[in-house]
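Remarks on the structure that follows.
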Amino acid sequence: MAISSHFLSRLTARHRSIISGALALLAPLGTLLGADSARQVIANAIVEEEADKRIELVNSLVKMKDESVKPLLAAWEEDQIFVYQASDNAPKIPVTLMGDKDAAGTRAAIRVVDEKPLVDAEGKPVRISAADAETAPHNSALRRAFKTVNDLLALSSPDRGERIAAINIFGMAQEPEKLPLLESALRDEKSGKVRHALVEAIALIQLKDSDLKVRVGAVQTLGKIGSIPSRDFLTALEKETEGADKPAISKAVQQAQAEIESHVKFANACGTAFAGISLGSVLLVVALGLAITFGLMGVINMAHGEVMVVGGYATYIVQCLFSEGLHLAPFGFGVDFPGMHLKGDAFSWYFIAALPIAFLSAALVGLALERGVIRFLYRRPLESLLATWGVSLIMQQLFRLIFGANNVQISSPSFLSGHWTVADVDFPWNRVFVFCFAIAIVIGTHLLLTRTSLGLLIRAVVQNRQMAACMGVKTHRVNMLTFAFGSGLAGLAGAFLSQLGNVGPNLGQDYIVDCFMTVVVGGVGNIAGTVISALSIGVADQSLQKVLGDPVYGKILVLATIILFLQWRPAGIFVTKSRSLES
Amino acid sequence: MPRILSKTELLFVSLLALFFIVVFPLLNASGVISNVTLYQWSKYLCYAMLAISVDILWGYTGLLSLGQALFFSLGSYMLGMHLMLKIGKLGSFAQSGQNPNFIPDFLFFLGYTELPTFWKPFYSITVAGLMVIAIPGLLSLIFGFLAFRSRIKGVYFSILTQALTYGFMRLFYVNDVKMGGNNGFTDFKTIFGASLQEPSTKRVLYVVTAVTLLLVYITLRWLTQTKFGLVQRAIRDSETRVLFSGYAAANYKLFVFVLSGLISSVAGALFIPQVGAINPSEMSPVKSLEAVVWCAVGGRGTLIGPIIGAISVNALKNWATHAYPDLWLIFLGGLFILVVLFLPKGVVSLPALIRDLLVRKKAAPEPAPAAEGVPAKP
């Protein structure tokens with residue numbers, strides 16, 4: 001969902017540029033038909049002698065909504081537009097200068113009207129020195145007109161974000177003369193977000209109104225919409241009215257401040273909850289793999305965290321291969337991998353390519369682990385815990401030897417950077433993505449277990465291994481595949497984690513304790529329990545961090561809660577019912 | 001039970017004890033054995049106690065605790081508080097004329113001027129010594145009570161103890177807890193008024209450690225041969241049958257858990273004046289697991305095994321971390337895997353294995369020490 005809506009916005013941006021390009025092509029046609037292009041109007045205005053007419057011409061630019069207006073007006077104001085006259089009686093031609101200076105200090109002259117090089121009677125390009133040329137004249141009235149035109153153009157920009165940015169600047173500046181402009185914009189505006197910004201900006205400007213009633217009304221509006229940027233202005237207003245006897249205003253200000261404060265609290269709470277959910281979804285993906293291997297085989301895989309790191313490093317390698325290549329020097333043997341030197345959007349695809357590679361490499365490691373160590377220890381869970389811990393130590397050290405002891409940097413692809421803001425709550429794209437992908441993985445795992453023949457075999461082995469073997473299920477193969485699948489999920493989790501932080505040799509250790517807690521609380525061998533426990537541990541962890549102000553106390557409190565929870569439900573949230581005495 | 005030790009074992013143990021408690025320090029005093037070697041052996045003996053504490057839980061009761069390093073560190077911290085206060089005027093802030101109340105340097109550095117109330121009783125070494133027993137004892141009592149009451153066992157117990165240790169490690173890293181944060185306690189000067197730098201003090205501490213280890217060994221040797229020890233091993237082999245026979249298995253387990261916590265704690269308290277530093281990284285999960293490895297390598301389910309394991313693995317570590325610093329963790333990990341896969345009863349089972357090989361006679365099949373999951377009947 002996250003990607004698709006993002007792609008949509010990119011697509012429309014591209015469309016827009018195509019449309020404006022087409023419009024630019026059509027512009028000369030418009031000139032032919034009698035309507036002047038914006039460039040033409042500006043060129044006319046520059047050579048116009050009468051001040052009133054000139055301002056009129058500039059003001060008429062507002063209707064054109066042409067992208068070239070803003071840079072041209074800026075160039076005019078900064079004395080970058082020059083007026084060229086071949087001889088005293090020749091027509092005046094406004095030009096800009098382009099290219100490098102030559103020995104005589106002159107640069108090529110480009111006509112403002114059509115952006116073509118200016119040529120003299122013989123068809124040779126004209127070169128002018130900036131020092132000698134006459135600049136296009138402007139006075140204060142004209143510059144005011146420029147500003148108004150720019151403001152109006154910004155307000156009518158087709159891009160919603162640009163409109164909001166322009167409106168916010170007006171609001172912050174608190175200039176009363178912008179008020180009619182904004183009010184008329186509010187009448188025509190359809191987008192809810194822009195309307196919100198307009199209401200906010202109008203209220204901010206009205207805070208300076210001479211009429212007391214208008215001011216009180218503005219304060220109330222700001223409170224009602226929970227305007228966070230207005231807090232400073234309200235505090236200033238409160239100070240200002242402290243001495244003066246204006247109870248209506250100070251009362252309104254206090255009320256508005258309280259309303260804004262509660263809005264901020266709400267936004268923060270939402271942000272914390274979302275951070276918790278996204279942490280929970282990472283835990284979920286890691287713990288899901290663990291729940292599957294633990295639930296199926298009763299094997300505690302202490303190297304699960306390291307398998308996850310394999311996924312993270314796989315992402316790193318793919319990233320390096322997409323960009324500058326990679327140099328590794330394990331055990332003193334230098335190995336170079338050439339890179340593809342991709343940039344921009346093409347580079348961003350590395351993450352999509354990395355996901356299956358992370359899954360497969362982690363699954364392969366899991367397969368090797370199962371074949372090499374774990375299959376000898378199916379009936380001895382405590383020993384499997386020790387042996388896999390040994391594997392995890394070896395893997396950590398190998399990571400250090402291959403990739404170095406420091407964390408490696410993994411950059412976010414462009415479509416995952418930035419965030420989505422709803423009512424002042426930020427939802428960073430990478431966290432939204434992790435959350436959505438976690439849901440997809442849970443659904444996929446559920447379907448695998450319930451709708452495929454492999455899933456049927458897995459469930460049969462979980463319920464009764466001996467009976468399944470008697471019915472001809474090759475339990476060894478099922479074990480192998482399940483273990484590889486669980487490890488692959490860990491690899492995917494590692495790829496996600498690379499988007500939320502750096503990848504290093506110790507990353508697995510930071511997560512393994514939390515993951516085991518998640519599995520134990522959820523109840524062994526069922527997905528629903530793991531989902532609930534991962535999300536609740538994630539949210540509890542994040543919100544306690546915020547409430548207590550220290551991540552450590554939060555963690556410890558969560559731990560204590562888990563121990564107490566297990567008093568109440570020793571086998572987790574959902575218990576797999578069994579008639580056997582010892583399970 | 002006619003006698004605690006059999007004749008050969010008695011001879012063996014007394015010879016070893018005589019060597020390590022009397023001959024070894026004498027050789028050091030006469031300069032044959034260097035101070036560094038003595039210090040190393042002190043450390044090994046403390047670790048041996050830690051390994052024994054793992055063993056009476058894991059090898060004898062079937063409970064794999066991954067939290068023994070926590071109790072070990074708590075013991076170290078409790079005595080460490082006393083040693084920190086004994087630095088007094090010799091601290092670097094006090095030396096430079098600041099710090100008028102002679103509080104520990106790290107507290108002064110954090111901006112405190114007065115000693116926090118909970119530190120004050122630790123001026124007395126008696127209180128500190130009591131705390132070495134009380135704090136880990138209480139913690140293991142509470143945790144054990146909760147865990148065994150809800151019948152948490154097997155890998156669940158291991159994971160929970162690991163999480164507990166991890167939680168405490170994070171807690172001790174926090175400066176506001178006033179336990180030294182990241183750097184922990186270090187730079188001790190005196191114990192009982194004697195300088196910790198003096199070789200004679202070190203020798204005395206070594207002897208105390210060795211004697212404590214001997215006492216722990218004899219006590220546990222006796223305990224495991226009583227009826228209590230029998231129930232303990234029965235719990236390990238089939239807890240359900242023990243329950244059905246009318247024994248309150250939870251109480252037995254709780255007693256062993258607290259006892260094992262106390263042994264670790266005492267080992268930690270003996271460890272700190274000799275090593276001279278304690279910090280939260282001593283509680284990291286890998287430390288607890290190392291202790292489990294010592295026990296596994298030596299041979300669990302015996303009391304001599306953990307001692308042999310602790311000494312040999314640490315001697316190996318001592319050598320490998322200098323000779324191959326990059327590869328030590330790979331060694332350790334490989335040792336874990338090899339021992340678990342090929343030598344489940346540890347090196348103490350080697351002579352028997354070799355003898356069997358020589359005689360070419362199959363050994364009578366014995367039940368595995370920690371046989372889990374006896375096939376259940378509905």
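The values are calculated or read from the model by the stated rules, or taken from the named source; none is laboratory data. Note that this is a predicted model, so its numbers are computed, not measured. Cβ sites come from the backbone with ideal geometry, for glycine too, and all protein chains shown count toward neighbours.
Quick notes on this one:
- In segment B:104-123, the residues that are under 30 Å from the mean Cα position of the chain (by Cα) and within 14 Å of B:GLY88 (Cβ to Cβ): B:PRO104, B:ASP105, B:LEU107, B:TRP119, B:LYS120, B:PHE122, B:TYR123
- Within segment B:93-109, being out of contact with any Lys or Arg (no Cβ under 8 Å at 6 or more places or on another chain) and either in contact (Cβ under 8 Å) with a residue 60 or more places away in the chain or part of a loop (DSSP other than H, G, I, E, B) (or both) holds for B:SER96, B:GLY97, B:GLN98, B:ASN99, B:PRO100, B:ASN101, B:ILE103, B:PRO104, B:ASP105, B:PHE106.
- If you go through segment A:180-192 and keep only what is surrounded by 16 or more Cβ atoms within 10 Å (Cβ to Cβ) and closer than 21 Å to A:GLY223 by Cα, you end up with A:LEU182, A:LEU186.
- So A:ALA495, is it under 25 Å from the mean Cα position of the chain (by Cα), in contact (Cβ under 8 Å) with a residue 12 or more places away in the chain, closer than 27 Å to A:LEU566 by Cβ and buried (at least 21 other Cβ atoms within 10 Å of the Cβ): no
- The single condition among (1) within 14 Å of chain B (Cβ to nearest Cβ); (2) closer than 16 Å to A:HIS304 by Cα that A:LEU364 does not satisfy is (1).
- The residue that is nearest to the other protein chains (Cβ to nearest Cβ), among those in segment B:153-186 that are within 23 Å of the chain's Cα centre (by Cα) and outside any helix (DSSP H, G or I), is B:LYS153.
- Condition met for B:PRO285 (at pLDDT 90 or above, surrounded by 19 or more Cβ atoms within 10 Å (Cβ to Cβ) and not polar (S, T, N, Q)): no
- Taking every residue in segment B:7-19 that is touching a residue at least 60 places away in the same chain (Cβ under 8 Å) and pairing it with any residue that is in a helix (DSSP H, G or I) and surrounded by fewer than 12 Cβ atoms within 10 Å (Cβ to Cβ), at least 6 positions away or on another chain, yields no pair with a Cβ-Cβ distance below 6 Å.
- Considering only residues in segment A:539-561 that are surrounded by fewer than 16 Cβ atoms within 10 Å (Cβ to Cβ) and aliphatic (A, V, I, L, M), the one that is nearest to the chain's Cα centre (by Cα) turns out to be A:VAL547.
Yes/no matrix, rows are residues, columns are (1) closer than 18 Å to A:TYR313 by Cβ; (2) surrounded by 22 or more Cβ atoms within 10 Å (Cβ to Cβ); (3) more than 14 Å from chain B (Cβ to nearest Cβ):
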residue	(1), (2), (3)
A:PRO338	no, no, yes
A:ALA358	yes, yes, yes
A:TRP389	no, yes, no
A:SER414	no, no, yes
A:HIS419	no, no, yes
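- If the condition is being hydrophobic (A, V, I, L, M, F, W, C) and surrounded by fewer than 19 Cβ atoms within 10 Å (Cβ to Cβ), then segment B:54-93 contributes B:LEU90, B:PHE93.
- The residue of segment B:306-319 that is surrounded by the fewest Cβ atoms within 10 Å (Cβ to Cβ), among those that are of a type in the set (A, V, I, L, M, F, W, C) and away from chain A (no Cβ under 13 Å), is B:TRP319.
- Of all residues in segment B:171-199, those that are without any contact (Cβ under 8 Å) to a residue 24 or more places away in the chain and not aliphatic (A, V, I, L, M) total 5.
- Filter result for B:PHE108 (within 14 Å of another protein chain (Cβ to nearest Cβ), touching a helix residue (DSSP H, G or I) at 6+ places or on another chain (Cβ under 8 Å) and farther than 30 Å from A:LEU377 by Cβ): no
- Among residues of segment A:394-411 that are closer than 11 Å to B:ILE330 by Cα and within 14 Å of another protein chain (Cβ to nearest Cβ), none has a beta-carbon under 6 Å from a residue that is of a type in the set (Phe, Trp, Tyr) and surrounded by fewer than 22 Cβ atoms within 10 Å (Cβ to Cβ) at least six positions away or on a different chain.
The rows are residues; the columns are (1) farther than 30 Å from B:ASP176 by Cα; (2) at pLDDT below 80; (3) within 13 Å of another protein chain (Cβ to nearest Cβ).
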site: A:SER498; (1), (2), (3): yes, no, no
site: A:VAL531; (1), (2), (3): yes, no, no
site: A:PRO551; (1), (2), (3): no, yes, yes
site: A:ILE556; (1), (2), (3): no, no, yes
site: A:SER578; (1), (2), (3): yes, yes, yes
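- Of all the listed residues (B:PHE102, B:PHE118, B:PHE122, B:PHE106), the sole one being buried (at least 21 other Cβ atoms within 10 Å of the Cβ) and among the aromatic types (Phe, Trp, Tyr) is B:PHE106.
- Pair list, Cβ < 7 Å and 6+ apart or interchain, from segment A:553-574 residues that are within 10 Å of A:GLY523 (Cα to Cα) to residues that are β-branched (Val, Ile, Thr) and assigned to a helix (DSSP H, G or I): A:GLY572/A:VAL520; A:GLY572/A:VAL521; A:ILE573/A:VAL521; A:ILE573/A:ILE532
- Segment B:320-352 - residue that is closer than 27 Å to A:ALA329 by Cα and among the hydroxyl-bearing types (Ser, Thr, Tyr) and, of those, nearest to the other protein chains (Cβ to nearest Cβ): B:TYR324
- Residue check for B:PHE118: assigned to a helix (DSSP H, G or I) and more than 10 Å from chain A (Cβ to nearest Cβ): yes
- Single residue of segment B:336-358 satisfying the filter (of a type outside the set (A, V, I, L, M) and more than 25 Å from A:VAL391 (Cβ to Cβ)) that is surrounded by the fewest Cβ atoms within 10 Å (Cβ to Cβ): B:PRO351
- Yes/no for B:PHE143 being within 14 Å of chain A (Cβ to nearest Cβ) and either over 22 Å from the mean Cα position of the chain (by Cα) or at pLDDT 90 or above (or both): yes
- Extreme residue, surrounded by the most Cβ atoms within 10 Å (Cβ to Cβ), among residues of segment A:500-523 that are within 14 Å of chain B (Cβ to nearest Cβ) and not in a helix (DSSP H, G or I): A:PRO505
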